[in-house]
Amino acid sequence: MGGMTTTATGADARDREPRPATTDSPFVRACRRQPVPHTPVWFMRQAGRSLPEYRAIRANVAMLESCRRPDLVTEITLQPVRRHGVDAAILFSDIVVPVAAAGVELDIVPGTGPVVAEPVRTAADVERIRPITVADVSYVDEAVRLLVAELGDTPLIGFAGAPFTLASYLVEGGPSRTHAKTKALMYGDPDLWHALCGRLAEVTLEFLRVQAAAGVSAVQLFDSWAGALSEADYRRFVLPHSSKVLAGLADTGLPRIHFGVGTAELLGAMGEAGADVVGVDWRTPLDIATGRIGAERAVQGNLDPTVLFAPWPVVEAEVRRILEQGRAAPGHVFNLGHGVLPETDPDVLTRVVALVHEVSAGRVDQGR
């Protein structure tokens, strides 16, 4: 996992000032709803399976192991920056990395995803999820520091899964389409549910604070499965715990991005959780999303990942549409509405970056 000699503490995260060069980057400025020279763009899962260089470096290396090797994390994170010219890098990791560091026995099974050996069913199961320290994730601290040195003016986005999505994996034992066991626990034993999510919020917050102390320029909280909930259930069972994470990062001064899939009816509540930027999937036009989120937050998104398989004139038209709708927001970070699919042609992503920069360059009404 690499020899770790540098340590970080919660105090470091509180005292840390964002790097001046990245603070003035188009990405950070857009997150803060400030004027930008062009709309910044990065892609979720940009450091991943669509790149042949990624597949080569990951050959015969298990996912969790690759997340625990600072040399691999650094190289994989840098690959899309070199290839595509994106405006931000995102730390290569997985949402279950901090949960594994907290003592949960799990594996990331190829073709399936995270699989938990003993799903959470009781209060004793929750108690076994211990708090984490920087020593538990020293490989992440080291990787961030290496990346900050390599990236220069390019911002690095920190990464973590939100309490609800992590809880769903732990309760279901793996990915689920219905989240039936998750909801059964929510409705049937709310006290246990809140105890679980409260513990996961603590783990997630510390994981992100380690990254903040090591030098990331922004953080993104992924709540991949939140769209399975009604707004009422989201507010009751999820919002307090996501708010705890995001509020716990306020003193870092870093922009906070919050993203979920299928969350059209939750966008307002997700903004209330404390994010500076709300990610929007491809189902909701950005101008409509902005009306739900409010003028005090920027938006991120939201090209349908499958559009990248269409002929280029179709891709170009969709990119232009999204840029136009994004002008309704006080700040816009161009992205996909979810992650890059493995079969995506990397050259198309490179062309999208160039197009976003070209079309949006010189617009004086970006940022208000």
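Residues that are surrounded by 24 or more Cβ atoms within 10 Å (Cβ to Cβ), among the small types (Gly, Ala, Ser) and either in contact (Cβ under 8 Å) with a residue 24 or more places away in the chain or out of contact with any Leu (no Cβ under 6 Å at 6 or more places or on another chain) (or both) do not occur anywhere in the range 173-193.
Every residue in the range 146-195 that is closer than 30 Å to residue 21 by Cβ and outside any loop (DSSP other than H, G, I, E, B), please. Result: 146, 147, 148, 149, 150, 151, 156, 157, 158, 159, 160, 161. Residues that are among the small types (Gly, Ala, Ser) and assigned to a loop (DSSP other than H, G, I, E, B) were ranked within the range 243-254; the one that is surrounded by the fewest Cβ atoms within 10 Å (Cβ to Cβ) is 253. The condition of being modelled with pLDDT under 95 and under 20 Å from residue 134 (Cα atoms) holds for only one of 102, 59, 47, 13, that being 13.
Annotation: of all residues in the range 105-145 being under 26 Å from residue 43 (Cα atoms) and part of a loop (DSSP other than H, G, I, E, B), the one that is modelled with the lowest pLDDT is 111. In the range 300-312 there is at least one residue matching the filter, namely being without any contact (Cβ under 8 Å) to a residue 40 or more places away in the chain, in a loop (DSSP other than H, G, I, E, B) and small (Gly, Ala, Ser). Just checking, does the range 53-68 include any residue being in a helix (DSSP H, G or I), in contact with a Phe, Trp or Tyr (Cβ under 8 Å, 6 or more places away or on another chain) and more than 16 Å from residue 158 (Cβ to Cβ)? Yes, the range 53-68 contains at least one residue that is in a helix (DSSP H, G or I), in contact with a Phe, Trp or Tyr (Cβ under 8 Å, 6 or more places away or on another chain) and more than 16 Å from residue 158 (Cβ to Cβ). Residues in the range 76-124 that are free of Cβ contacts under 8 Å to residues at least 24 places away in the same chain and of a type in the set (Asp, Glu): 105, 118. Residue 220 falls short on exactly one of the conditions (1) within 11 Å of residue 160 (Cβ to Cβ); (2) part of a helix (DSSP H, G or I); (3) in contact (Cβ under 8 Å) with a residue 40 or more places away in the chain, and that condition is (2). Residue count for the range 58-86 under the criterion of being closer than 18 Å to residue 109 by Cα, hydrophobic (A, V, I, L, M, F, W, C) and out of contact with any strand residue (DSSP E or B) (no Cβ under 6 Å at 6 or more places or on another chain): the result is 4.
Criterion applied to 288, 257 was being β-branched (Val, Ile, Thr), within 19 Å of residue 215 (Cα to Cα) and not in a loop (DSSP other than H, G, I, E, B), and the one residue passing it is 257.
Scanning the range 219-242 for residues that are under 23 Å from residue 331 (Cβ atoms) and either charged (D, E, K, R) or surrounded by fewer than 16 Cβ atoms within 10 Å (Cβ to Cβ) (or both) gives a single hit, 223. Check whether at least one residue in the range 220-240 is over 19 Å from residue 293 (Cα atoms), among the β-branched types (Val, Ile, Thr) and at pLDDT 95 or above, and report yes or no. Checked against the condition, which is being over 19 Å from residue 293 (Cα atoms), among the β-branched types (Val, Ile, Thr) and at pLDDT 95 or above, the range 220-240 yields no hits at all.
Of the residues making up the range 293-317, those that are of a type outside the set (A, V, I, L, M, F, W, C) and within 18 Å of residue 41 (Cα to Cα) are 297, 300, 301, 302, 304, 305, 306, 316. Please work out if residue 146 is within 30 Å of residue 356 (Cβ to Cβ), within 21 Å of the chain's Cα centre (by Cα) and surrounded by fewer than 21 Cβ atoms within 10 Å (Cβ to Cβ). For residue 146, the condition - within 30 Å of residue 356 (Cβ to Cβ), within 21 Å of the chain's Cα centre (by Cα) and surrounded by fewer than 21 Cβ atoms within 10 Å (Cβ to Cβ) - is met. Count of the range 69-102 residues, restricted to those that are part of a loop (DSSP other than H, G, I, E, B) and under 13 Å from the mean Cα position of the chain (by Cα), is 7. Just wondering, is there one or more residues in the range 276-291 that are aromatic (Phe, Trp, Tyr) and within 20 Å of the chain's Cα centre (by Cα)? Yes: the range 276-291 contains one or more residues that are aromatic (Phe, Trp, Tyr) and within 20 Å of the chain's Cα centre (by Cα). Of the residues in the range 289-306, at least one is in contact with a Leu (Cβ under 9 Å, 6 or more places away or on another chain), of a type in the set (Val, Ile, Thr) and surrounded by fewer than 23 Cβ atoms within 10 Å (Cβ to Cβ). A Cβ distance below 9 Å, combined with a sequence gap of six or more or placement on separate chains, defines the contacts here; from the range 134-156, residues that are at positive phi reach residues that are crowded, with 19+ Cβ neighbours inside 10 Å and not in a strand (DSSP E or B) in the pairs 152/22. Note on the range 331-349: among residues that are touching a Gly at 6+ places or on another chain (Cβ under 7 Å) and not in a strand (DSSP E or B), the one that is farthest from residue 304 (Cα to Cα) is 331.
The values are calculated or read from the model by the stated rules, or taken from the named source; none is laboratory data. This is a predicted model, so every value here is computed, not measured. Cβ: placed from backbone, ideal geometry, glycine included. Neighbour counts: every protein chain shown.
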